[in-house]
Amino acid sequence: MSLNKTFALPRGTADILPEESFLWEEIESKARRICQSYGFREIRTPLYEDVNLFKRSLGQTSDVVNKQLLELASHKDDEGYALRPEGTASIVRSYLENSFDKKEALSKFFYMGPMFRGERPQRGRLRQFHQIGAEAIGPGSLSAFLDAEIISLAMFLLESFGVKKAKLKINSLGSKEDKERISLWLREVFAADKALLCPDCQNRFERNVFRVLDCKNETCKGLVSRIVTKLPLSDEGTRYFECVQEALRMAGIDFEIAPHLVRGLDYYSHTVFEITAQGLGSQDAIGAGGRYSQLIHELGGNLKVDFGAIGFALGIERVLLAVQSSLNDPGFIDAYVVILNKGEAFLKEAFKVSDYLRKAGFKVDLSYLERPVKSQFSQASKLNARFALIIGEDELASGKISVKNMKTSEQELVDRGAVLDYLKKIASLRSQ
Ligand code: HAM
């Protein structure tokens, strides 16, 4: 049977099938544990928000707002919503709406889940993709050590997922005042060559000249590398950037300074960074982030003290592309119940035993279809079962179960009431 094409999977989305979902589970549980060890707590925000939250936060000139926002068809009561293209804006919204600014000096959140961008799909670029991210927000975030902590967390997550040779590039856009001054400076230095810039950059020149710096067009790239070797930061901006670099060195993190790195979202100032990995093709950014202190003030109105914020997000699909080959299925189940004889009494016994063991925390499976013994054993192997629990006439009559180790083929007859302890003993041996 095949699916009527009308109902096919939307372009740029993917089913995460059981063959792969164990990898997701592993990545997500590692991420939870590691984020918590850095003092971050999980936050879950809705998949859609008021469209103006994204327009205001990410910037009218960003591609994400200009070309990629997936807006929901409006109904009477819910006009003006869009699927979230990223997590930061929603988290700042939630931070302010739930008055975290009044409860603590520094709030540290992590999140994971789907994001949506109406992009042209290709390998590593989807319309529904997933991020793991972390954000540290509050007056207590104004320290260069926190920039290094956030970057250290991102790099450590990637390392623990098994991503090899992740490369970190960092830059600083300076303070809000620096950004304004540098923006005028960039317009000045590019003025004479403006006509040579690509049509997109001509537009960016007027609306957000920083974006000219990371244009992929060869002519623009050439001009940029000839004209801009370093952004002219203020003394304060330079000092801050140097402190971040020193803290990174203290954490043993290698980095490269990339003077043209500006990032596609408009909310950044001071530190920006991007992490690339091998094996991803043209979409080689596996994660990115930076400081976005101004965003809190823009969404929060009259905050009395100086607020800061910094965060990052990693793309899970890209992590998987980078590590796929190095991960093995860790094994799916502990035991498969094999029924030797036909008849309800055997099925009932198998049902009772598996239900009992499952409730004791073991992963157990079986078939109720009275299938040939051989095919039950091959199903047990397919599911990577460690044990086959065999129930036949002898077992039923004696109140026992034959427990077969699928790896060594050793088999033991165990009292029905003692199977749980037997498996527990083996499980504890396994975890030692
Ligand atoms: P971003 O650079 O737009 O930043 O996305 C972060 C990561 O999400 C990318 O490096 C990439 O791995 C993944 N990603 C983005 N778009 C796609 C896509 N269409 N398909 C697959 N993966 C994708 C942000 O989203 C910021 N919110 C990061 C941040 C957090 N800055 C501060 N806090």
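The values are calculated or read from the model by the stated rules, or taken from the named source; none is laboratory data. Please read all numbers here as calculations on a predicted model, not as lab measurements. Here the Cβ positions follow ideal geometry from the backbone for every residue, glycine too, while neighbour counts run over all protein chains shown. Side chains are part of the model used for accessible areas, which takes the heavy atoms of the whole protein and leaves out ligands, DNA and RNA. Shrake-Rupley method; radii C 1.70, N 1.55, O 1.52, S 1.80 Å.
Spin-label point model (7 Å from Cα, Cβ direction): what's the Ala345 to Asp200 distance in nm?
Label-label distance for Ala345 and Asp200, simple model: 7.4 nm.
Which aspartates and glutamates have a Cα less than 18 Å from the Cα of Lys165, not counting those fewer than 8 places away in the same chain?
Here the aspartates and glutamates satisfying the reach criterion relative to Lys165 are Asp254, Glu256, Glu274, Asp284, Glu317.
Thr45 to Glu236: extension gain in nm, 0.36 nm per residue of separation minus the Cα-Cα distance?
65.2 nm
Equivalent ellipsoid semi-axes for the range 1-104, as square roots of 5 times the alpha carbon gyration tensor eigenvalues: give them largest first, rounded to whole Å.
The answer is 28, 25, 13 Å, longest axis first.
Averaged over every viewing direction, what's the projected area of the C-alpha convex hull for the range 335-431? Give it in nm², one decimal, please.
About 5.7 nm², averaged over all directions.
Using the Cα centre as the reference, give the magnitude of the dipole from point charges on the C-beta atoms of the chain (Lys, Arg: +1; Asp, Glu: -1; all else neutral), rounded to the nearest 20 debye.
Result for the chain is approximately 540 debye, rounded to the nearest 20.
With springs only between Cα atoms under 10 Å, which of Val92, Val338, Val64 fluctuates most in a Gaussian network model of the chain?
The residue that fluctuates most here is Val338.
Classify the range 10-55 from the C-alpha gyration tensor, please: rounded if a/c falls under 1.5, else prolate or oblate depending on whether a/b exceeds b/c.
It comes out oblate by the Cα gyration axes.
Given a cut-off of under 8 Å on Cα pairs at least six residues apart, what relative contact order in percent is computed for the range 53-147?
25
Could you give the nm distance between label points at Ala360 and Arg120, where each point is 7 Å from its Cα heading toward the beta carbon?
Going from the Ala360 label point to the Arg120 one covers 5.9 nm.
Restricted to Cα positions, what overall size does the chain have along the principal axes? Three whole-Å values, descending.
The principal-axis extents, from largest down, are 92, 52, 45 Å.
What ranking, highest mean first, results for peptides 155-165, 312-322, 36-46, 135-145 when packing means the other Cβ atoms within 10 Å averaged over each residue?
Taking the mean over residues of other Cβ atoms within 10 Å, the ranking is 312-322, 135-145, 155-165, 36-46.
Compute the Cα gyration tensor for the range 222-350, then decide on rounded, prolate or oblate, letting a ≥ b ≥ c be the square roots of its eigenvalues: rounded whenever a/c is under 1.5, prolate when a/b is larger than b/c in the other cases, and oblate in all that remain.
Prolate, since a/c reaches 1.5 and a/b exceeds b/c.
Report the relative contact order of the range 335-431, percent, no decimals, based on alpha-carbon pairs under 8 angstrom and at least 6 residues apart.
28
As a test of the formula, what do you get for the chain when each DSSP H run with n ≥ 4 contributes -39,500 (n - 2.57) and the sum is divided by the residue count, at 222 nm and rounded to the nearest 500 deg cm²/dmol?
-12000 deg cm²/dmol
How much accessible area per residue does the chain have, counting only protein heavy atoms and a probe of 1.4 Å, in square angstrom?
52
Out of Ile286, Val189, Leu265, whose Cα points farthest toward the positive end of the dipole of the range 171-292 (charges: +1 Lys, Arg; -1 Asp, Glu; placed on Cβ)?
Most positive-ward Cα: Val189.
Mind checking which of Gly59, Gly222, Gly417 has the largest fluctuation in a GNM of the chain, springs on alpha carbons under 10 Å?
Between Gly59, Gly222, Gly417, it is Gly417 that shows the largest mean-square fluctuation.
How far, in nm, would the chain grow between Thr6 and Glu370 when pulled straight, counting 0.36 nm per residue and subtracting the alpha carbon separation?
127.3 nm
Please name which of Leu142, Phe241, Tyr422 has its Cα lying farthest along the dipole of the chain towards the positive end, using unit charges on Cβ (Lys, Arg +1; Asp, Glu -1) and the Cα centre as origin.
The one lying farthest along the dipole's positive direction is Tyr422.
Given labels modelled 7 Å from the Cα in the Cβ direction, how far is it in nm from Glu410 to Leu17?
Computed distance between label sites Glu410 and Leu17 equals 3.7 nm.
Over 24 Å between Cα atoms, which of Lys194/Lys216; Lys108/Lys363; Lys55/Lys103 qualify?
With Cα atoms farther than 24 Å apart: Lys108/Lys363; Lys55/Lys103.
Which entries of Lys342/Lys382; Lys348/Lys400; Lys164/Lys230; Lys374/Lys407; Lys348/Lys407; Lys359/Lys407 have Cα-Cα distances beyond 20 Å here?
Violating the 20 Å Cα-Cα cut-off are Lys342/Lys382; Lys164/Lys230; Lys348/Lys407; Lys359/Lys407.
Efficiency by 1/(1 + (r/R0)^6): what FRET value for Ser37 and Lys102, r their Cβ-Cβ distance, R0 = 35 Å, to the nearest 0.05?
After rounding, the FRET efficiency stands at 0.80.
Report the one residue of Gly301, Phe161, Tyr111 whose Cα lies farthest in the direction of the positive end of the charge dipole of the chain (charges on C-beta: Lys and Arg +1, Asp and Glu -1; origin at the Cα centre).
Toward the positive end, the furthest listed residue is Phe161.
Gain in length, Glu246 to Asp63, computed as 0.36 nm per residue apart minus the alpha-carbon separation, to one decimal in nm?
Extending this stretch completely gives an extra 62.6 nm.
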